[in-house]
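J.: So that we are looking at the same thing, I have put the structure below in structure tokens.
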Amino acid sequence: TKCIILEENYLDLQFFPESGELVHGLPGVLGFKALDSAGKGKTVEGEIVNSKEEVIARFSSNALGMGTAWLARADSNEHYMARVKSVAGSIEAKRLYHLPKVVSKGNILSVTGTPETIQVNVSSNYLKEDSVSVRISCRGVVYFDIKGRLKNGLLRFALPGINLPEGVIAFTLMDNS
């Protein structure tokens, strides 16, 4: 099979919500990547708009076409789209890129920090005062099993990153069931 590109200015812009979903009522971080017609990263800059075409966030990528965007509060009654600015700064209104749908009920697990200290934030729009646990593992070895109680749907804690190995670290959020 041979792929033939009909549009050389083609842009593949994909958005990936942190924790897998945008959740109603919660802030959301979106990772994104922009690829050109040859599958190479493309530097982009643009805006995220709601269904009324009001700008609610801005984004820009690194040289590899990757970056993050932040939504202050996701709304399941809204439909979000991204539009890319051209090099000259005008909006390319012809092409809108649909963002993933916002779910009405869910949880978000956010991990940030430095190699010395890792900050973990758990947010839920339906588990308000429940107990949850976060398991941190790598290659099948559990390094931390943190249990805590959400307060108004939030749990925050820090842990030493120095105790974690190099490689892909899995952070898994679990409730009582």
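The values are calculated or read from the model by the stated rules, or taken from the named source; none is laboratory data. What you see is a predicted model, and the numbers here were worked out from it, not measured in a lab. With ideal geometry, Cβ positions are generated from the backbone for all residues, glycine too; neighbour counts draw on all protein chains shown. What goes into the accessible areas is simple: the full protein's heavy atoms, side chains included, and nothing from ligands, DNA or RNA. Shrake-Rupley method; radii C 1.70, N 1.55, O 1.52, S 1.80 Å.
J.: Count neighbours as other Cβ atoms within 10 Å of each site's Cβ, and list the trypsin sites (Lys or Arg not before Pro) in the stretch 50-84 that are DSSP loop with at most 14 such neighbours. All intermediate terms of the calculation are to be shown ahead of the outcome.
T.: Details: sites: Lys52, Arg58, Arg73, Arg83; in loops: Lys52, Arg73.
Of the trypsin sites (Lys or Arg not before Pro), the ones in loops of the stretch 50-84 whose Cβ has at most 14 other Cβ atoms within 10 Å are Lys52, Arg73.
J.: Which residues' amide hydrogens lie under 5 Å from the amide hydrogen of Leu22, considering only partners 5 or more residues apart or on another chain, with H built in the peptide plane?
T.: Excluding prolines and chain starts, which carry no amide H, the hits are Val103.
J.: Would you mind classifying the stretch 18-177 by shape? Square roots of the alpha carbon gyration tensor eigenvalues, ordered a ≥ b ≥ c; an a/c under 1.5 is rounded, otherwise it is prolate if a/b is larger than b/c and oblate if not.
T.: Details: a/c = 2.78, a/b = 1.53, b/c = 1.81.
Because a/c hits 1.5 or more and a/b fails to exceed b/c, the stretch 18-177 counts as oblate.
J.: Give the carbon-plus-sulfur fraction of the accessible surface of the chain in %, rounded to a whole number; probe 1.4 Å, heavy atoms of protein chains only.
T.: Details: 5580 of 10860 Å².
That share works out to 51 percent.
J.: Would you mind checking which residues have amide H under 5 Å from Ile56's amide H? H placed 1.01 Å from N; only 5 or more apart, or other chain.
T.: Residues meeting the criterion, in which the H sits 1.01 Å from N, are Ile48, Val49, Asn50.
J.: Same structure again: Can you give the accessible area of Lys128 in Å² (nearest 10), computed on protein heavy atoms with a 1.4 Å probe?
T.: 90 Å²
J.: What is the set of long-range amide H partners of Tyr10 at a cut-off below 5 Å, with H atoms built 1.01 Å from backbone N?
T.: Residues meeting the criterion, in which the H sits 1.01 Å from N, are Ser37.
J.: Accessible surface of Ile118 in the full protein assembly, 1.4 angstrom probe, to the nearest 10 Å²?
T.: 20 Å²
J.: Roughly how much of Asp130 is accessible, in Å² to the nearest 10, using a 1.4 Å probe?
T.: For Asp130, solvent-accessible area is about 60 Å².
J.: Which one, Val132, Val84, Val102, has the greatest fluctuation when you compute a Gaussian network model over the chain with C-alpha springs under 10 angstrom?
T.: Val132
J.: Okay, next question. Among Ala158, Ala74, Ala57, which one shows the biggest mean-square fluctuation in a GNM of the chain, springs joining Cα atoms closer than 10 Å?
T.: Comparing Ala158, Ala74, Ala57 in a Gaussian network model of the chain, the most mobile one is Ala158.
J.: I would also like to ask the following. Using a 1.4 angstrom probe on the protein heavy atoms only, could you order Glu78, Glu116, Glu47 from most to least accessible area?
T.: Details: Glu78 40, Glu116 115, Glu47 15 Å².
Result of the area sort, largest leading: Glu116, Glu78, Glu47.
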